[in-house]
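I have placed the structure first, in the form of structure tokens, so that the comments after it can refer back to it.
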Amino acid sequence: QVHLVQSGGGSVQAGGPLRLSCATSGINFKIYTMNWHRQAPGSQRELVASINSGGNTNYTDVVAGRFTISRDNRLSTVYLRMNSLKPEDTAVYYCNTRYKGSDVWGRGTQVTVFS
């Protein structure tokens, strides 16, 4: 069974940093693309960042240059380092991968940025 266990997040003043972690089990982590999504109140869930098995990354425009996704294949963990946070980054953040044709999600972690 595949598990994605998230940690990190919390509340931070605008301009500050936070880091999210997502530890996986039950999959051959190193071959999977890993994603971070977020969902703000009243909004649809959106893809924030992705990293593939080769370490190539993609970001949505609104976080590019501020967020960094990375992975540690030895620990089967994906990270999202968020710098220069803005109040509009406030959301529940989810890690995700696609396993055998189905999306697998972490439970989500709240990130709140106050001005």
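Quick notes
- The chain: Cα Rg divided by the 2.2 N^0.38 Å rule of thumb: 1.00
- Cα gyration tensor, segment 69-115 - rounded (a/c under 1.5), prolate or oblate: oblate
- Label-reachable residues, segment 1-44, where backbone N falls under 18 Å from a point 7 Å from Ser70's Cα toward its Cβ: 7-9, 17-24, 30, 34-36
- Note on the chain: antiparallel DSSP beta bridges, both residues inside, total approximately 90 percent of the bridges counted.
- The Cβ shell under 10 Å around Arg81 holds other residues with a net charge of +2, Lys and Arg each +1, Asp and Glu each -1.
- Label-point gap, in nm, between Trp105 and Ser84 - each point 7 angstrom along Cα→Cβ: 3.0
- Segment 31-115: trypsin sites (Lys or Arg not before Pro) falling in loop per DSSP and having at most 14 other Cβ within 10 Å: Arg74, Lys100, Arg107
- Pairwise label distance in nanometres, Ser115 with Val5, each label 7 Å out on the Cα-Cβ vector: 3.8
- Sum of side-chain charges, Ser53 neighbourhood, beta-carbon under 12 Å (Lys, Arg +1; Asp, Glu -1): +2
Values quoted throughout were computed directly from the atomic coordinates according to the rules given, and no laboratory measurement underlies them. Since this is a predicted model, take the numbers as computed values, not measurements. Every residue, glycine as well, gets a Cβ built from its backbone with ideal geometry; the counts of neighbours run over all protein chains shown.
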